[in-house]
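Only one structure is covered here, and it is reproduced in the block below.
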Amino acid sequence: MAKIKAIRGMNDILPEQSPVWQYLENTVKDVLSAYGYSEIRMPVVEQTNLFKRSIGEVTDIVEKEMYTFEDRNGDSLTLRPEGTASCVRAAEEHGLLFNQMQRFWYQGPMFRYERPQKGRYRQFHQIGVETFGMANSDIDAEVILLSARLWKRLGLLDSVTLQLNSLGSNEAREEYKAALVEYLLARKDQLDEDSQRRLDSNPLRILDSKDPNTQALLDSAPVLTNYLDDESRQHFTELTDMLDAAGIHYEINPRLVRGLDYYCKTVFEWVTDKLGAQGTVCAGGRYDGLVKQLGGRPTPAVGFAMGVERLILLLETLELIPEEVKQPFDLYLAAEHKGLQSKVVLFADQLRDQLSGLRVRIHCGGLKNISQKAQQSGAPIVLLLKETDNQQLCGTIWHQNEPEFDLQETQIKEKIQNIWQA
Ligand code: ATP
Ligand code: MG
């Protein structure tokens, strides 16, 4: 019978790879806690309407990328394609939004029916940040500074650039949309097919088109920046002033729009040129209208989500993963001769008791060429135990290719402690 395989675009993360994920996740958690953010965990399945109403009916995600199915009740459910909608739903449902200021983060798998390729999968992972109840530009600055601090911690700051734009108020955007449509309608036959379709449904997304002819047309099209309302303009200036003061470099990209309908005012993306076409590693912005749109009271909000797979690809491409990250244990412990299995098991546990945090892996199975095998384990410390004629345990420690023979029990523990804590 043919073997069953994983679903296309949905990857296993193998044991060899998961330390890299943990490294990234732990670094992110560290940075998030430095800013006082709290974790929220939402289900991976929601009512389909949640995404239709938040992301927008005529976006790529809702039109063609969602995993939607009927459950046994006939209810339409969807595997979440992103986290913001679920986060707003959960926060509103539990009364966490009205009259409160909140800083949340979440992580987990997202699902989109896309064409799988490097950096684009059908199950992928995001770590996201959502803040609520703060209307001023200081929180926009904070989430950007937070992401910049993360890049710095990961050694990525020189490999990513911040693209920034303001979409303005809903009214300003509608006015701009009208001007853009008028300009493009007059040149409709020069637009690519997708963009022609979007003229009716989602004209702002045309700004995002990768088609060179369309891009050339856009060079002389009306510019969103010129349509901004005063409040949005001031909000944006305050934000860029704060970024300047913090020494964060950015490029203002008046054509930066996001593929989801709920954004207003600030939008941003961190992009890299090191991953080919899938260059956006983190994207977000302000979505002051979404809570109300989903039935809550008007609540200002800002957030972003980063693509974990893309960040890992980037870290790997740039060889930025610290060597020790991939090593799952510090000490490899084996018996040098038969009859010592239970002593090895117990000795390993004593070490774990005494040196909290020390990661010990014991050798189980055959002892042929054990010294060689143990050293090939890759562990920074190797310990081989044997028993003397008067049944005392003694051992050899290998560290940086140097052996020390015939150490007594207390010496062994001391030595390991010294090496490990150095
Ligand atoms: P793209 O333009 O690359 O399709 P997007 O605008 O659809 O991205 P968002 O919905 O803003 O992406 O998601 C935030 C981040 O999640 C992206 O910047 C990217 O890093 C990551 N991401 C989005 N879709 C995928 C996917 N199918 N596979 C892997 N990562 C993804
Ligand atoms: Mg997309």
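The values are calculated or read from the model by the stated rules, or taken from the named source; none is laboratory data. As the structure is a prediction and not an experimental result, all values here were calculated from the model. Methodologically, a virtual Cβ is constructed for each residue, glycine included, from the backbone with ideal geometry; neighbour enumeration extends over all protein chains shown. The accessibility values were calculated without ligands, DNA or RNA, using every heavy atom of the protein model including side chains. Shrake-Rupley method; radii C 1.70, N 1.55, O 1.52, S 1.80 Å.
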Which of rounded, prolate, oblate describes the stretch 73-113, given a ≥ b ≥ c as roots of the alpha-carbon gyration tensor eigenvalues and a/c under 1.5 marking rounded, otherwise prolate only if a/b is larger than b/c? oblate
Value of [θ]222 nm, deg cm²/dmol, for the chain, DSSP H segments ≥ 4, -39500 (n - 2.57) each, nearest 500: -11000 deg cm²/dmol
What is the gain in length, in nm to one decimal, between ALA186 and LYS118 on full extension, counting 0.36 nm per residue of separation less the C-alpha to C-alpha distance? 20.7 nm
With R₀ set to 60 angstrom, the calculated FRET efficiency between the beta-carbons of ASP349 and THR68, to the nearest 0.05, is 0.75
Once the Cβ-Cβ distance between ASP389 and PHE329 is put in as r, and R0 is 35 Å, what FRET efficiency do you end up with, to the nearest 0.05? 0.65
Arranged from highest to lowest average of other beta-carbon atoms within 10 Å per residue, in what order do the peptides 118-127, 230-239, 2-11 appear? 118-127, 230-239, 2-11
Based on the inverse mean of 1/r over its pairs of different Cα atoms, what is the Kirkwood hydrodynamic radius of the stretch 1-111, in Å? 16.6
Using Cα centres only, tell me the gap between the stretch 1-63 and the stretch 70-147 in whole Å. 10
In the stretch 328-421, carbon and sulfur make up what percent of the accessible area (probe 1.4 Å)? 44
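Ranked highest first by average number of other Cβ atoms within 10 Å, how do 83-93, 405-415 line up?
Order by mean packing, descending: 83-93, 405-415.
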With a Förster radius of 35 Å, plug the Cβ-Cβ distance of LYS338 and GLN421 into 1/(1 + (r/R0)^6) and report the FRET value to the nearest 0.05. 0.60
Sorting check: for 100-111, 264-275, 280-291, 338-349, which peptide has the highest mean count of neighbouring beta carbons within 10 Å, and how do the rest follow? 280-291, 264-275, 100-111, 338-349
In whole Å, how far is the Cα centre of the stretch 177-232 from that of the stretch 281-360? 43
Is the stretch 328-421 rounded, prolate or oblate when judged by the Cα gyration tensor, a ≥ b ≥ c being the square roots of its eigenvalues, rounded requiring a/c under 1.5 and prolate requiring a/b larger than b/c? rounded
How many Å² of accessible area per residue for the stretch 328-421, probe 1.4 Å? 60
Residues with amide H under 5 Å of CYS264's amide H, sequence separation 5 or more or different chain, H placed in the peptide plane at 1.01 Å from N; which? ARG286, TYR287, ASP288
Against the 2.2 N^0.38 Å scaling, with N counting residues, where does the chain land? I'd like the Cα-based Rg ratio to two decimal places. 1.26
Please compute the length gained on full extension between ASN26 and GLN293, using 0.36 nm multiplied by the number of residues separating them and subtracting their Cα-Cα distance. 92.7 nm
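Taking a ≥ b ≥ c as the square roots of the Cα gyration tensor eigenvalues, with a/c under 1.5 meaning rounded and otherwise prolate when a/b beats b/c, else oblate, which class fits the stretch 147-305?
Cα axes put the stretch 147-305 in the oblate bin.
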